[in-house]
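The values are calculated or read from the model by the stated rules, or taken from the named source; none is laboratory data. Model, not experiment: these values are computed from the prediction. Counting neighbours? That spans all protein chains shown, and the Cβs are built from the backbone with ideal geometry, glycine included. Note: accessible area is taken over every heavy atom of the protein model, side chains too, but ligands, DNA and RNA are not part of it. Shrake-Rupley method; radii C 1.70, N 1.55, O 1.52, S 1.80 Å.
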Amino acid sequence: MWIVFLVLLLVSLGRAEREYFLQPNASSWESARQHCQVCYREMATITTEDAHLLLEQMDNRSRAAWVGLRRLLNETVAPLSNTTNSTKSQRPESQWFSGTPPWVQFSNGTNDTDGTIDVNSTWFSFFEGKLPWSRWSNGDPVTIQNWYPGRPVPKPKPKPIKCELNTHFISTTSTPSYSTYSTADGISTVNGNSTADGNSTMDGNSTVDSNSTFGMTNQTSTCPQLEKLLKCIEDPEAKDALSRSLTTPSLYQTSWNATISPNSTMSDINTTVTTPNPNVTNSNTNNTTFTDSITNTTMSHINTTATTPNPNVTNSNTNNATFTGTITNSTLALSTSAATSTSAPSTISTSVAPASTIPPPTIAPCPDLTDSREEDLNKFIEDACLVLLSFGLWWERACSEVLPYICYDDRFYGKVMVHNITYVSAAVQWLKAPGEISGYRVEVKSQEHYWTQDVLTSALTTEFTNLTSGTKYMVYVFPIKCGRDLNPQTDYFYSQPDQIQNLSLSDIQETSVNLTWSPPPGGIDFYRLCVYDTSNFVNCTNVTISQHTVKYLIAGGEYTVEVSAEVADESIPGRRFNKSFFTRPNKVKNLQVKDPSTNTFKVVWEKPEGNANRYRVLVQNGSVLFNETTNSFTFTATGLVPGSEFDITVWAQVNESWEGKPVTIQGFTKPGPVRDLKMDTTANEITVTWTNPVGGHTNFSVLLLDPDGTDVEEQLTPNTTVKFSKLKAGAQYMVEVKVIGLGKLQSDITNKSDYTLPNEPKDLKMFPNGTTQINLTWKVPDDSDGVTIKYDVVCMTKFWGYDVKKQVEDTNTTLTDLRPGTTYGCNVSVFAGKRSSKPIYNEAKTVANKRNITLTMLCKSSEPLGCTMQNAQANLLKALKANFSSKLDGIFWDLNWKN
C-alpha cells in the first residue's frame, strides 16, 4: 500500500503544465541533461497527457531524440544539504507525511521528532533506485511505457564461472567448499555456488542459501577465472571507465565501501551489502557498488556483510551489486556475513557441495569496458538511455551517443502588477521567475496608437513614461533564461483619462438640464456622468457622446453634475469635472386674491411641486405698485384705489434669485359705495338718486324691497338715478344700491327706506255704543290692499275739552270712557312714516242721560209793553239757545218753555 500511495502522490504532484523544447544540438545524454537542467527544468518526461506534445516537437525535425529516462540513474544515496545550523536539514518528505517515513534511516538508529534529519544520516529512496527504467530524470515515476516491440533488450543471464581449488590455499576443513556468484536480469543469486563474472557484478536483490558460508577460510583453492578478472581490472582503460562510473553515487544507490590500506590482506576487507526490503513491491533498480583499490592483498581476508531483504515483500526487479576494484598480486577467499534489513543481522554460510556437482571451469573473456559503441541493435546495453522515435515508440541507446534531445520546462505563470498609474506614466512590478534568470525584457505597447516601449532590466520593477492618457496598454514581462524568452507574465492597464473641458449647462428646466462638454486630450471609451442631490444620492449613467440631457430631476432641486472620461474596464477613474446648479422651480399653485376691500386685498398661493424657499410678488396697475419677496405663502397689498384692476404675478425662487415660471392673475379692489342716496316718493312711485362713488365702477345695482323684506324689483343701471312705479300707497319701501366694479366685485350696500304717500281711508262710520262708547269703522284706502297700514284715529269734544288719539292697524276701533250725551268728532287718516294721508271725519253722540232743569227768569223792561209774554218769551228763548249753543257745544241739551 505504501508503494501505490507514493506513486499516486507523485503523479498528482507532477501535473503542472509543461512546455517541451527540441534541442537540435546533438549531445550525449548526460550533457543533454545538464543543458536541460540549466536552461530548462529537466529533460523531457512522457505521460499519457503529454505524449502528443513531444511528438509535435519532432515533426519533420528529428527522427529520434533523448528524453529523460535512463536504465539506471546511479542514485543510491542522496546527501542532505546543510541548513543554517550546519547540522540539520528539513526532511524532504515532511511536507507530505507526518512522522518518520519507513525509508528514512538514522545513524543513531532512532527517529527524530522535530521534523529534521541529522546530516550524517542517510535518506534512502523508497525504491532505492534499483529497478531499471522506473524513474524519469526529474524523479517522477514511469507510469506508462510505449516500447518498440522487443525493446528494451533484457540483460543476458551470464554463464556461471567456476573456480578450481588451488593448492596454494590451505583448507581448514576436510571438505572443499566453493561459492558461485551468478547474475541474471532482475534477480541476482548468491548461493552455495558463488560465481563472479568479468564485471564483478552482484545484484542487490540476492537470495542467499543459508547453508553456504560464501568463503573458504581454512582451505586452499585455485580460481583461474578470478585471476583473469584481476588481470582485466589491471587494464588502464578499464580502470578509467570504472572510476568514471563510480565517481558520483546518486540518490537511490546503495554503496559497498571497503577501506583497505596498502599492503593489507584481503581478510581485512569488510564489505556492507544493503539489500531491498522484500515487503515492498519495487519496480525500480537499485545498484550496489563495491569499490576500492586493493594492493598486495590476499582475497582470503575479504569479509562481506550483506543486508538481506525482508521475506514478506515480493520484489520482481533486479538489484545489482557491483564489485569493482583494483586487486594486485592477491589470492582470494571470501567469507560472508549477512544483516537483514531489520536491526538483527543474519548469517550467510557457505554450503559444501559434493565434488561430483562442481561444474567444469569456464573461461570468461575480459570485457572491453571502454567500448561504448552499439553495433548490434539487439545487444543489451548496460548504461542505456531512452530515445523517443518520431512515431512515438521508445528505443534504448547507449547514453554516450550524441543525439538531439528534448527538454521541458514548467510553463511559467507569473504576476504583473501595475501601480502608480497617472496620465503619462505607470510603474510595473513583477514576481521573480524561478531558475537561472539573466534578466527581464519588459514590453509595453498600445495597439490603438501603434506605440511600443521595450526595457531590459535585471530588477523586478521599472517605470514607463510618455504614455497617452486614457489609453489601454498591454504589459509583457519576459524572463530571459539562457537567451530565450520564457512565457511572459502579462497584464494590461489603462492610463488615467484626462479631464474633460468646457462643461456647460443649458436649458435648465424643472426636471431636466442639457449638458455639453469637450472631450479631453488622449483616449476615452465612454463618459461617466453622475448627478448628486443634497442628500448625496447619486444617479450615474454611461454615455458615449459629449452631450447628454439629464432627466427626472426634482424642480427647484440643488444638484451637482459630475462628468469624467473613463476607460473600458473602469480600472482607473478619470479626472472628474463638476458643476453645481439648481433646477428651475415649479410654478406656484392655486394663486388667488382673497378678502378684497376698497383699498386692499390679500394674495395667497400654495407651495409648488418640488422645492422653493422664496417667492417674489409683483403688483402693478399700469405702474409697478409692489415688487417684493417673501418666505410665506401670502402677501397683502394696501393703499389701493377702490374699484381698480391689478396684475398680480408670483414667482417661486431657489438660490436667492433663480426663479421658476411666473403665475399671473388679475386682482381687483372693491368699488366704493354710492354717495348721497335719496328717495322721492309719491303714493305710487319712488325715485332714487345718488352720487358716483370714489374710484372705478361699471354699474349700479338698485334693489327695492317691500316692508316685509321681500324683493320687489331690482334695476341695473350705469346711471345715478332710478325710478320704481306702480307701488302701493302708504307702504314702506327700502332701496339698496350696490356699485358693481371690475371683476364683478360689488361695493358695500348703501340703503335707504321711505314710505310712499298714503291715500285717505274711505267710508268712516261711527256708532254710539251706550252712554260711554262709540264704534268706528272705515275702509282701506285705494292702492293699499295688502299693505300693512297704520291708521291714526283722533276724536275730540269741545265742551269737555276731551280728545282721544290712537293708532291702529285695523280698519275699526272703539272709543271708550266717553261722556254720555256728548258728541264726538273723529278724524281717521293713514300714517306712513312721517307722513299722513288726508283724514276723513265723522261725528257721533253718546247716549245722553237726560235731566230736567227749570229756569225762572224775571223780565224787566224800560219800555212799556216790553215784557209782554209772547214777544218776550220768544226773544228770550232765542237768546238763551244762542248762548247755550256756544257754551254747551257737543253735549246734549234742549231748551224749551215749560208748559
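Numerical summary
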| quantity | calculated |
| --- | --- |
| Top-ranked residue in the stretch 27-46 [being open to solvent by less than 50 Å² (accessible area, probe 1.4 Å) and out of contact with any helix residue (DSSP H, G or I) (no Cβ under 8 Å at 6 or more places or on another chain); ranked as farthest from L386 (Cα to Cα)] | C39 |
| Listing of strands (runs of 3 or more DSSP E) fully contained in the stretch 439-486 that carry 3 or more residues being crowded, with 16+ Cβ neighbours inside 10 Å and either at pLDDT 90 or above or not β-branched (V, I, T) (or both) | 439-446, 472-481 |
| Hits in the stretch 750-784 - residues which are among the hydroxyl-bearing types (S, T, Y) and surrounded by fewer than 21 Cβ atoms within 10 Å (Cβ to Cβ) | T750, S753, T771, T772, T777 |
| Selection within the stretch 648-672 - in a loop (DSSP other than H, G, I, E, B) and open to solvent by 60 Å² or more (accessible area, probe 1.4 Å) | N655, E656, S657, K661, P662 |
| Check on A874, more than 60 Å from the chain's Cα centre (by Cα), assigned to a helix (DSSP H, G or I) and surrounded by fewer than 11 Cβ atoms within 10 Å (Cβ to Cβ) | no |
| Any strands (runs of 3 or more DSSP E) falling wholly within the stretch 755-851 and containing at least 2 residues that are hydroxyl-bearing (S, T, Y) | 790-797, 812-815, 823-832 |
| Filter pass, L716 being surrounded by fewer than 17 Cβ atoms within 10 Å (Cβ to Cβ) and in a strand (DSSP E or B) | yes |
| Cβ pairs under 9 Å, 6+ apart, first in the stretch 470-489 and under 29 Å from G523 (Cβ atoms) and without any contact (Cβ under 8 Å) to a residue 40 or more places away in the chain, second open to solvent by 40 Å² or more (accessible area, probe 1.4 Å) and of a type in the set (V, I, T) | M474/T490; Y476/T490 |
| Residue in the stretch 696-703 that is in contact (Cβ under 8 Å) with a residue 40 or more places away in the chain, among the hydroxyl-bearing types (S, T, Y) and not in a strand (DSSP E or B) present | yes |
| Of all residues making up the stretch 405-437, the number that are open to solvent by 30 Å² or more (accessible area, probe 1.4 Å) and closer than 28 Å to W136 by Cα | 9 |
| When residues of the stretch 383-404 are limited to those that are assigned to a loop (DSSP other than H, G, I, E, B) and of a type in the set (D, E, K, R), the one least open to solvent (accessible area, probe 1.4 Å) | E401 |
| Residue in the stretch 558-574 that is within 15 Å of S512 (Cα to Cα), in contact with an Asp or Glu (Cβ under 7 Å, 6 or more places away or on another chain) and in a loop (DSSP other than H, G, I, E, B) present | no |
| Filter result (of a type in the set (G, A, S) and crowded, with 16+ Cβ neighbours inside 10 Å) within the stretch 557-593 | G557, S564, A565, G574 |
| Odd one out for A683, checked against (1) within 30 Å of V603 (Cα to Cα); (2) small (G, A, S); (3) buried (at least 20 other Cβ atoms within 10 Å of the Cβ) | (1) |
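Residue-wise test of (1) in contact (Cβ under 8 Å) with a residue 40 or more places away in the chain; (2) out of contact with any Phe, Trp or Tyr (no Cβ under 7 Å at 6 or more places or on another chain); (3) of a type outside the set (A, V, I, L, M); (4) crowded, with 19+ Cβ neighbours inside 10 Å.
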{"site": "Q496", "(1), (2), (3), (4)": "yes, no, yes, yes"}
{"site": "N502", "(1), (2), (3), (4)": "no, no, yes, no"}
{"site": "S506", "(1), (2), (3), (4)": "no, yes, yes, no"}
{"site": "E510", "(1), (2), (3), (4)": "yes, yes, yes, yes"}
{"site": "D533", "(1), (2), (3), (4)": "no, no, yes, no"}
{"site": "V538", "(1), (2), (3), (4)": "no, no, no, no"}
